[in-house]
Amino acid sequence: MVSGRRSRRQQAALRYTNTIKALAKMASTICWLVTITLIWLTITSIAAEFLRDCHTTDPKPYIYYGTKTPYELINNEDSSPIFAAGCKAVMFWMLARHGTQYPTSRDVFRMKDRLPKLRKTILQNHKERRGTLCQQDIDGLSNNGSIRIDDDFDEKLTSTGREELLVLARRFRGRFADFFNSQPAFSTQDYHFRHIASLPSQSSARSFSRGIFTNGDVQLTEAPVGDRLVHFYENCTRWREQVEEKGMLEHELTLFRQSVTFQNTLADVTTRLGFQYNMSSDDMLLIYDICRYQKAWYLEQISPWCAAFTSENLKVLEYGEDLETYHKQGYGHELNYHQACPLVEDLVTRIRAFRANNGTENQQRGVFYFTEGEGLLRFMARMGLAKDEQPLTRDGTPSTERKWRTSLMGSFAANVAIVLYNCSDDYKIQLFVKEEVVHLDQCQNALCTSKEFLDYLGAIADNCGRDDGCNPSAAVIPYASLFQLMAIFLLVTIHTFSWF
């Protein structure tokens with residue numbers, strides 16, 4: 001009886017012990033699983049952070065920012081002497097855009113008013129685990145994302161902008177040392193500097209002159225009110241009435257911003273920055289502007305605002321600005337560039353003077369003009385440069401293969417230079433765009449004969465006095481149409497008289 005009770009107690013104790021052991025083993029297993037889960041979550045979190053696109057640590061960030069691309073990133077740094085066999089440089093003619101500048105006071109106001117609000121929201125989004133910016137980019141935006149622009153900086157040239165023009169001049173001087181050293185001192189008889197009436201243009205002309213002439217003062221000529229040479233586009237009545245006021249400029253751009261490509265970019269940036277609502281295109285473009293301005297101001301630094309965009313985003317926005325300039329200053333409408341004929345006329349007249357006098361009469365040997373991006377791009381289109389076989393449209397693919405690409409032709413300090421050579425057999429011309437030799441299609445070689453060059457541009461220069469593209473009273477009908485109308489009129493007249 002007693003032994004039976006002991007047996008039952010032993011069995012109960014054994015069951016209790018086994019239960020405790022089972023619970024302990026289960027608890028150990030749970031702890032192990034929790035530990036593994038926590039480790040996995042930690043690793044996943046670290047991996048996700050590591051796999052995010054980090055603009056701050058990108059070894060090859062996208063550097064093409066349209067008209068606000070810093071010239072230092074796309075120039076030709078090779079200043080080795082340029083020689084043409086049997087030739088001597090006798091004239092250097094150049095048109096350049098001003099260097100890197102600060103924004104207008106209107107844009108500065110928008111940046112100071114809107115960007116701090118956007119920055120605060122982006123940082124808060126990250127704290128709440130929204131958005132895909134990496135921690136390094138968030139830290140950059142937090143520490144260096146404030147806007148430090150004084151109100152009196154309105155459109156002034158930056159130190160980078162002055163350096164761009166100074167070094168540009170030194171490189172050209174190195175390439176054509178014999179030309180510049182043969183007449184090293186400035187004189188108005190030999191050299192002419194002309195700039196539009198703006199601080200960036202004036203400062204650019206001054207900086208460039210100091211790179212050409214290391215000693216002595218250089219006389220700069222400011223374009224007068226109503227200037228039709230370097231500031232031809234400022235008051236072009238005909239263009240304003242026939243193009244701008246008809247809304248032709250905004251049409252393609254508006255449709256592009258409604259396109260799937262642009263809207264996908266907007267959605268991508270919205271997600272990247274963690275917004276719970278769709279950003280406005282104005283906010284995105286404002287961030288784009290401060291991103292590229294800061295990159296141009298501080299070449300060795302990374303703008304934290306650029307982290308808002310992937311390389312593909314930047315290509316889309318670059319194409320959008322190219323589309324805008326194409327239709328406003330380029331091949332989108334003939335009057336955009338037709339009005340640049342005074343510059344072509346000036347160039348052709350000077351070349352003809354050298355040929356007519358065979359260099360025996362005094363001619364200005366160095367001509368340097370400084371304008372804005374509008375003037376430079378219109379002149380390039382008038383010269384037939386960077387012309388794509390197919391026009392840029394809202395449906396176009398943001399491919400880097402297009403020719404009309406302002407990052408490479410309309411950046412800060414972009415320039416076009418023409419060098420005239422007196423050769424043993426003829427006068428010849430060499431064309432440079434951003435310091436790179438360009439082969440005109442109308443010329444057999446990169447070194448054009450004067451005949452090839454003048455056959456191409458002579459008619460533009462000769463007709464400029466009759467129709468400079470801006471005079472509202474000038475005929476709007478192209479030559480071909482005019483001759484067609486005359487032929488029709490003649491046929492009608494003959495037919496009418498045949499009835500009598």
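Sort 298, 337 by accessible area with a 1.4 Å probe, largest first.
Of 298, 337, the descending order of accessible area is 298, 337.
If eta is 1.002 mPa s and T is 20 °C, what Stokes-Einstein diffusion coefficient results for region 210-365, Kirkwood Rh from Cα pairs, in µm²/s?
Answer, rounded: 108 µm²/s.
Starting from the Cα of residue 425, step 7 Å along the direction of its Cβ; do the same at residue 88; then give the gap between the two resulting points in nm.
2.0 nm
When the Karplus curve 6.51 cos²θ - 1.76 cosθ + 1.60 is applied with θ = phi - 60°, which whole-Hz ³J(HN,Hα) does each residue of region 393-407 get, with x for Gly and Pro?
9, 5, 8, x, 8, x, 7, 7, 7, 5, 7, 7, 9, 5, 4
Collect residues whose amide H, placed 1.01 Å from N in the peptide plane, falls under 5 Å from the amide H of residue 370; neighbours closer than 5 in sequence don't count.
Placed amide hydrogens put 96, 194, 195, 196 under 5 Å from residue 370.
For residue 292, tell me the accessible area in Å² from a 1.4 Å probe, rounded to the nearest 10.
Only protein atoms counted, so the area is about 10 Å².
Using a 1.4 angstrom probe with every protein chain in place, what is the largest-first accessible-area order of 306, 87?
If we order 306, 87 from most to least accessible, we get 87, 306.
Out of residues 5 or more away from residue 90 or on other chains, whose amide H comes under 5 Å of its own, with H placed 1.01 Å from N in the peptide plane?
420, 421, 422
In region 207-275, what is the volume of the convex hull around the alpha carbon atoms, normalised per residue and reported in Å³?
Dividing the Cα hull volume of region 207-275 by its residues yields 211 Å³.
In nm, give the distance between the simple-model label positions of residue 390 and residue 436, each being 7 Å from the Cα along the Cα-to-Cβ direction.
Those two pseudo-labels are separated by 2.2 nm.
Tell me, what is the Rg over Rh of region 190-241, with Rh the Kirkwood radius over Cα pairs?
Rounded to two decimals, Rg over Rh is 1.09.
Taking 7 Å along the Cα-to-C-beta vector as the label spot, tell me the residue 60-residue 21 distance in nanometres, rounded to one decimal.
Inter-label distance under the simple model: 6.4 nm.
Cα convex hull of region 144-258: mean projected area in nm², to one decimal?
In nm², the orientation-averaged hull projection of region 144-258 is 12.3.
For region 361-401, what D do you get in µm² per second when you plug the Kirkwood radius from alpha-carbon pairs into Stokes-Einstein at 37 °C and 0.692 mPa s?
It comes out at roughly 243 µm²/s.
To the nearest Å, what is the center-to-center distance of region 361-381 and region 226-303, using C-alpha atoms only?
Between the Cα centres of region 361-381 and region 226-303 lies a distance of 27 Å.
Please work out how much accessible surface residue 248 shows to a 1.4 Å probe, ignoring ligands, DNA and RNA, in Å² rounded to 10.
Only protein atoms counted, so the area is about 80 Å².
Heavy atoms of the protein only, probe of 1.4 Å, neighbouring chains included. What is the accessible area of residue 159 in Å², nearest 10?
Roughly 80 Å² of residue 159 is accessible to a 1.4 Å probe.
The values are calculated or read from the model by the stated rules, or taken from the named source; none is laboratory data. Just so it is clear, the structure is predicted and the values come from calculations on it, not from any experiment. Note that each Cβ is placed from the backbone with ideal geometry, even for glycine, and that neighbours are counted across all protein chains shown. Calculation scope for accessible area: heavy atoms of the full protein, side chains included, ligands and nucleic acids excluded. Shrake-Rupley method; radii C 1.70, N 1.55, O 1.52, S 1.80 Å.
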